[in-house]
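Student: Supplied in C-alpha cells, the structure appears directly below.
The values are calculated or read from the model by the stated rules, or taken from the named source; none is laboratory data. From a predicted model like this one, the values you see are computed outputs, not experimental measurements. Glycine also receives a Cβ, built like all others from the backbone with ideal geometry; neighbour counts cover every protein chain displayed. Just the protein is used for accessible areas: all its heavy atoms, side chains included, with ligands, DNA and RNA removed. Shrake-Rupley method; radii C 1.70, N 1.55, O 1.52, S 1.80 Å.
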Amino acid sequence: MSRFEELPKAYDASSVEDDIYAAWEASGVFDPDKLPERNQKGAPYCIVMPPPNRTGTLHMGHAAMLAIEDVMIRFERMRGKKTLWIPGTDHAAIATQVKVEQLLMKEGMKDPRKELGREKFLERVMQFADDSANTIRKQVRKMGSSCDWTREKYTLDEERSRAVNEMFKRMYDDKIIERGYRVVNWDPQFQTTLSDDEVLTKETTAKLLTFTYDKDFPITISTTRPETKFGDTAVAVHPTDKRYKDLVGKTLTANFCGKQIKVKIIADEAVDPEFGTGALGVTPAHSMIDADIAVRHDLPTVQVIGKDGKMTGDAGPAFSGLTVIEARQKVEKMLGDAGLLKSVVEIPQNLPVAERGGAPVEQLPMRQWFIRVNKKFALRQDTLGRWKKGDEATLKELMTYAVESGQINIVPDQFKKTYFHWINNLRDWCISRQIWFGHQIPVWYKKKVAESHPSLRREGTGEGRNEATGEDLQTEMMVSDTSLGEGWERDPDTLDTWFSSGLWTFSTLGWPDKKAFDSMKEFHPTAVLETGYDILFFWVARMILMSTYALGEVPFKDIYLHGLVRDEQGRKMSKSLGNVLDPLDLIPKYGTDAVRLSLLMGTTPGQDMKLSEAKVEGFRNFTNKLWNISRFILLQIGGDGVGAHGCAPIEINNIKSKTLADEWILASLDETVASVTQKIEKYEFSSAGEELRDFTWSDLADWYLEIAKIEKGKEQILSHILESILKLWHPFMPFVTEHIWKTAGFENNLIISEWPNQSEGFDKLSLEKLTLIKKFEIFIALITDMRRLRAEQGIEPVKFVEFSITSDEEIKNLINSNLEVIKQLARASDIRCELTPDGWVTAMSGTATIGLNVAGAVDIEKEKAKMQKELAELEPYIKSTKAKLKNKEFASKAPAKVIEGMKAKLEEAEGKKKAIEERLGKM
RNA sequence: GGGCGGCUAGCUCAGUUGGUUAGAGCGUCACAUUGACAUUGUGAAGGUCAGAGGUUCGACUCCUCUGUCGCCCACCA
C-alpha cells in the first residue's frame, strides 16, 4: 500500500497555489543574489516588468504579459542563469488623475481640483494610487510571477524622481530639452497639453464652408473651422497656381465678420491646388501645419481660441467669450447673411480627440517644454558602437540605429517597419503637462530680472506673461531639483508620464546613483522587453531614446510584442460590452496554471488572441491530466516515491533490461527536450507547449503508460520521465508541477531545479524506427493482456477473434511472419492482424483499452468498404507520384532528399495497396 | 491618403529559407467504460489553403492584381 493511493483523483488548484507561492517567495529564489551557487556563476538575465498603471486592477492583457515573462524567467533560472525580474507600477499621471477626478465627481464634487486645492487633491490621488498598487501586487502574485519583490519600483518614488531630474538636467544642458512657444495639442476638458501620441482621431462629418473674408477680398477659401479665421495672417496658394499668380506677395486687409485682419498672400508647396479653391487660409495659432508654413514665411501668430475653449479678445468683441461651436455657427450665419458664403458641403472629417476623456483637442500656441528629436548634440559617451564621445548625433539617429544595426531585435519582425515609419514621422515631443499628478518639472523661475528674452516673444498673443504660471517673460530660469531659495518659484507643470517610463530599464537598476553601478553593469542592457504592441511608440521607442542618449547603449536586446487579448468574437474587452474576462474570476475557478496556458498556447507574437472561458476550461482539463499522469506514475513506483536523481541526466545505459519501448520513450523524451528548449529560446512558446503536450499526452500517457501497466520494473524510467516533464512544464504551469514535485518526494524546489539536458552519447535508433517497434510491443503486450484477462477473470475481450496463440513464442512468430504487413499497418496508426483463418478482422490499435474496445463485432462489409475507400485514395496518389518521379526535369532539379523521401513513401503506399488487395481477396 | 497585418477544417490557430498525400486543439458524429484520469479512451467525418494571373520541374509558401476584415499613421484646409 503506497501513500500515493490517497492522492485525490482531481487536482485542486485553489487549495495549493497560495502556499506554494508563499514558499517560493520565502525561500528567496526570486532574488538573484539568493539563488543557488550555479546561478551565481551563470550569465545575468534581466527583465524589467512593464509597470501596470496604478489606475485600478489588472486585466487579461497584464495576465498575458505576466505569463509570458514568467515563462522566460523560470526557463532561464532553471537553465542556471542569474535571473532578475523587477516588478513595479506606473503612476500613469494623467490617466490616474482623470480617474480620481471622475471618482470625486461621482462623490458629488463639481470641480475637485478647485475644491480641494493642489495638496489635498494630490493626497487623494496618491491614496488611490497606493490602493491600486496593493491590488496589483496581489494579482501579480496570483499569476505566479516569480519576480523579485525586494526590488519593486514605482515610477513616482524618490529614486525614480532623482533619475527623472538628472535626465532632465542633462538634456537641458545638451539643449535637447527646450522651452518653446509652439502650437501644441490642448485638451480643454482637462486643461493640459498632450503629446501627439495621446491624440486620437474620431471619424465625424463636418461642414466645409467656402467663402471670402469680405466682399472685396479677391480670393475664395474653404475651411471646416471658420471660427479660427479671425486668426488668419496669410492666404497660401501653390507656387505654380496661375489663378493667384498676381496676388502673391501682396498684403491685403479684410473685414472678417467685424474684425480687421491683415493677410499676406504667399506661395507654398504644402498647398494642394486641387483641393477646394486651391487657396488656404493660414491660421498659424491653431494648426501645426499652418504653424510650419508661418515659420517658413515669417508670419505673425494671432491666437483667437483660449485655453478654456472659448474665443479670445482677438476674435473681436462680437465673438469674444463664445465657445468654439457657438462662434462657428455665428460665423456661418454672418457670412451667409452677408452673401459671402459660396457653398456649404458636408464632408467626412477626422476630428482630433483626447485619448483620455475624448474631448476634441484644440491646437493652441503655448510656451511648453519639448524634447527636440532632430537637434544635433554632442554625445556624452561612446554610443552604440558607432559614435565616439563628443560626436554629434540626433535622438532620431540614435533611435533608428539601435534597431537598424540589429542591436535590438524585434519579435515579430514586421514591427520593425512600423517602428521606422514612426521614427521618420516623429516630431518634437511636448513633455510638459498642466496636471498635478506626476514629476514636477525641476525648473525654477525668478521674477523681475532685468534681462528680457526676446527669443520667446511672439506677436499677437497677449505676450509678456505666461498665462499658466503668471510668470513674466523677464524671468530667470534655473534647472534644479531643490529649492533655490527666496524669490524662486518652481514650474507648476509636471512631465509626461512616458518621460519617467522611458528611463525604466535603468532607473529601476538605480541609475544615476553611483552605488548602483555594479548592478547596472550586470543587468543592463536587459535581456528582453516583453509588452503589448500597442505601446511600441508610447513606451518602447522612448526607452530606446532615453537609454541610447543617457547610457550610449540599448535598453534591451530583444523586444517581444504580444497581441491584445480579445473576446471570443475578436472584440476588445470592455466594461460597456460586458465581455470582460477577469483573471481574478478565472483563477479560482480553473487555477492559475490553466489561465496561463490559455494565454500562452495558440497565440503568436504580435497577433491578437481570442480568449474564451471554454479555452481556459480545456487547459484546466489538461492540468488535471498531468496530475493524473503523475499520480499514476507514483502509484506504479509505489513506496515512498521517487528518489532524488539530482540534476544529472539519467544514465540510460545503466538501466538494466531496457525494452524497445523504453528506448523509444527515452529517445522521444530526448527529442522533446531539445525541441522545447530551442523553441522557448526562439520565443515560440505556443509551439513549445504543443510539442510538450504531444509528448505528454500522446507518447507518454497513451502509449508508454499503457505498456507500463503490463511490463513491470519501469520505476526508474518512469521516475526519470516524471522528473523531466515536471521540469519542462514548470515554466508554463508552475503551480501544479511544483505541487507534484513535492508530493512525489523530489528534493528541493522545482523552481530552482536544473533544466533537463539532452543526453549525449546515447546510441538512439531513429525515432521512426522506434515508433514502429513500440507499436509491436504494444501489440504483444495487448495480446498478452487479453489472454491474461481471459485466463484469470474469464473476460472475453474480443468476441469474434479466435486466438489460437498459446505461447510467447507463437506471438513472436506471428509478428515475424507478418512483419511487413504490420510495418505498413503500423504506419497507418492502426495495427490489424490476421489472426483467424476466416479472413481479416480487427485485432487492436492504440492503447490497452482498445483490447476491450474491440468487444463489438467488426462488420465485415464495413471493413470491406473501408478498405476499398482506402484503395481508391491510394491509387491516384501512386499514379501521380510515379509520374512525378519519371519527370526528367523534376528528377534533375529536385534535391535528392526529396526524391528519396517520395520514393520511400511511394513504396510504402504500394505495399499498403498490395496488402489491402490481398486482404480483400480473402474476404 | 500612406503603411502594416489577417483571410488555411464548423470554431481558435500552426505551417520554419518553395519540395514527400496540408497539421493541432476545440466542436461534431460513432463506439467504448471494473483499469491513473468521465476534467476519460479509440476512431471517423470535415480543407480546389479568400479569388485571379504570373515565375518554377514543383506554390499555402515567391511576384502582380482584386476582394474582404482589422490595425497604425496622416488636421485636403
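Student: Given the criterion surrounded by fewer than 22 Cβ atoms within 10 Å (Cβ to Cβ) and assigned to a strand (DSSP E or B), identify the matching residue among A:E203, A:E159.
Tutor: One residue alone meets the criteria, A:E203.
Student: Within the range A:705-727, take every residue that is in a helix (DSSP H, G or I) and touching a Ser or Thr at 6+ places or on another chain (Cβ under 7 Å) and give me the one that is modelled with the lowest pLDDT.
Tutor: Top of the filtered list is A:I710.
Yes/no per residue for (1) in a helix (DSSP H, G or I); (2) more than 27 Å from the chain's Cα centre (by Cα); (3) buried (at least 16 other Cβ atoms within 10 Å of the Cβ); (4) aromatic (F, W, Y):
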residue	(1), (2), (3), (4)
A:R118	yes, yes, no, no
A:E123	yes, yes, no, no
A:M126	yes, yes, yes, no
A:V164	yes, no, yes, no
A:F168	yes, yes, yes, yes
A:E178	no, yes, no, no
A:W186	no, yes, yes, yes
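Student: Right, another one. Is it the case that the range A:651-670 has a residue that's among the aliphatic types (A, V, I, L, M), at pLDDT 90 or above and under 25 Å from A:E706 (Cβ atoms)?
Tutor: no
Student: What are the residue pairs meeting all of these: first residue in the range A:684-698, first residue farther than 22 Å from A:I633 by Cβ and in a helix (DSSP H, G or I), second residue open to solvent by 50 Å² or more (accessible area, probe 1.4 Å) and more than 7 Å from RNA strand B (Cβ to nearest atom), Cβ atoms under 9 Å, and 6 or more apart or on different chains?
Tutor: Pairs found: A:A688/A:Q678; A:A688/A:K682.
Student: Would you check if there is a residue in the range A:344-358 being β-branched (V, I, T), buried (at least 23 other Cβ atoms within 10 Å of the Cβ), touching a residue at least 12 places away in the same chain (Cβ under 8 Å) and under 18 Å from A:Q191 (Cα atoms)?
Tutor: no
Student: Test A:F256 against the stated conditions and say whether it is touching a Phe, Trp or Tyr at 6+ places or on another chain (Cβ under 6 Å), away from RNA strand B (no atom under 13 Å from the Cβ), within 18 Å of A:T228 (Cα to Cα) and open to solvent by less than 50 Å² (accessible area, probe 1.4 Å).
Tutor: yes
Student: Assess whether A:V302 counts as being open to solvent by less than 10 Å² (accessible area, probe 1.4 Å), more than 10 Å from RNA strand B (Cβ to nearest atom) and at negative phi.
Tutor: No: the conditions fail for A:V302.
Student: Restricting attention to the range A:885-923, which residues are farther than 25 Å from A:L871 by Cβ and more than 9 Å from RNA strand B (Cβ to nearest atom)?
Tutor: A:A896
Student: If you go through the range A:602-622, how many residues are more than 6 Å from RNA strand B (Cβ to nearest atom) and in a helix (DSSP H, G or I)?
Tutor: Residues meeting the conditions: 6.
Student: Within the range A:562-617, how many residues are among the charged types (D, E, K, R), modelled with pLDDT of 90 or more and under 20 Å from the mean Cα position of the chain (by Cα)?
Tutor: Selection size over the range A:562-617: 3.
Student: Can you find a residue that is farther than 19 Å from A:V324 by Cβ, touching a helix residue (DSSP H, G or I) at 6+ places or on another chain (Cβ under 6 Å) and not aliphatic (A, V, I, L, M) anywhere in the range A:272-289?
Tutor: Looking for residues that are farther than 19 Å from A:V324 by Cβ, touching a helix residue (DSSP H, G or I) at 6+ places or on another chain (Cβ under 6 Å) and not aliphatic (A, V, I, L, M), one finds none in the range A:272-289, hence no.
Student: Tell me which residues, restricted to the range A:269-282, are crowded, with 19+ Cβ neighbours inside 10 Å and either more than 8 Å from RNA strand B (Cβ to nearest atom) or in a strand (DSSP E or B) (or both).
Tutor: Matches in the range A:269-282: A:A279, A:L280, A:G281, A:V282.
Student: For the range A:699-711, how many residues meet the condition of being touching a residue at least 40 places away in the same chain (Cβ under 8 Å), of a type in the set (D, E) and more than 10 Å from RNA strand B (Cβ to nearest atom)?
Tutor: Residues meeting the conditions: 1.
Student: From (1) closer than 30 Å to A:Q414 by Cα; (2) surrounded by fewer than 21 Cβ atoms within 10 Å (Cβ to Cβ); (3) touching a Phe, Trp or Tyr at 6+ places or on another chain (Cβ under 7 Å), pick out the condition that doesn't hold for A:E617.
Tutor: (1)
Student: With respect to A:L561, determine if the residue is under 20 Å from A:T57 (Cβ atoms) and within 15 Å of RNA strand B (Cβ to nearest atom).
Tutor: So A:L561 does not fit the description; no.
Student: Let me ask something additional. Report yes if some residue within the range A:214-225 is within 11 Å of RNA strand B (Cβ to nearest atom), in contact (Cβ under 8 Å) with a residue 12 or more places away in the chain and of a type in the set (G, A, S); otherwise report no.
Tutor: Within the range A:214-225, one or more residues are within 11 Å of RNA strand B (Cβ to nearest atom), in contact (Cβ under 8 Å) with a residue 12 or more places away in the chain and of a type in the set (G, A, S).
Results for (1) farther than 30 Å from A:I176 by Cβ; (2) in a strand (DSSP E or B), shown as yes or no for each residue.
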site	(1), (2)
A:R328	yes, no
A:V345	yes, yes
A:P348	yes, yes
A:F370	no, yes
